[in-house]
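The values are calculated or read from the model by the stated rules, or taken from the named source; none is laboratory data. Quick caveat: nothing in here was measured; it's all calculated off a predicted structure. Glycine gets a Cβ as well: all are built from the backbone with ideal geometry, and neighbour counts include every protein chain shown. Note: accessible area is taken over every heavy atom of the protein model, side chains too, but ligands, DNA and RNA are not part of it. Shrake-Rupley method; radii C 1.70, N 1.55, O 1.52, S 1.80 Å.
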Amino acid sequence: MQDCIFCRIVAKEAPATIVYEDDLVVAFHDIYPKAPVHILIVPRRHIPTLAHVTPEDEPVLGRLLYAARVIAQEQGILESGFRVIINTGRHGGQEVYHVHLHLLGGRPLGPMLVR
Ligand code: 5GP
Ligand code: ZN
């Protein structure tokens, strides 16, 4: 899926500041950070949205969350707290159709949603 920007970042064909990678996931700084820490964690495999996952994706889904915890510690926000977000589909405000978990922190993040 070389027309997918996150596949291109995973393949190191597009630039990104990678902060973590393992056999299942890769994490890099969001290009337009909305908080002092704003990192995207993506599966290596192209999965368009959370609505597309199957039972065989359970290991990678667990890894996305565990990587968030590891990276939060590396970024120094484990104690102060952080938020993870997975925007999904049209109403979810998803812009890039390759599953990604936003890891946000480094300041109080305010209410979960704006009404
Ligand atoms: P979504 O709305 O799909 O949940 O979020 C997509 C995120 O990807 C946005 O926060 C946006 O700033 C980020 N983004 C889009 N294109 C790129 C890119 O080429 N590189 C990086 N590092 N982040 C990107
Ligand atoms: Zn992709």
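What the table below lists for this structure:
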quantity	calculated
Matching entry among Ala14, Ala27 (being within 21 Å of Val84 (Cα to Cα) and at pLDDT 95 or above)	Ala27
Residue in the range 73-89 that is within 16 Å of ligand 1 (Cβ to nearest atom), of a type in the set (Phe, Trp, Tyr) and in contact with a Ser or Thr (Cβ under 9 Å, 6 or more places away or on another chain) present	no
Number of the exception - Asp22 against (1) within 16 Å of ligand 2 (Cβ to nearest atom); (2) more than 24 Å from Leu109 (Cβ to Cβ)	(1)
Search result, residues across the range 21-50 that are open to solvent by less than 80 Å² (accessible area, probe 1.4 Å) and β-branched (Val, Ile, Thr)	Val25, Val26, Val37, Ile39, Ile41, Val42, Ile47, Thr49
Of all residues making up the range 74-96, the number that are open to solvent by 100 Å² or more (accessible area, probe 1.4 Å) and under 28 Å from Arg8 (Cβ atoms)	4
All positions within the range 9-20 that are at negative phi and open to solvent by 80 Å² or more (accessible area, probe 1.4 Å)	Glu13, Pro15, Thr17
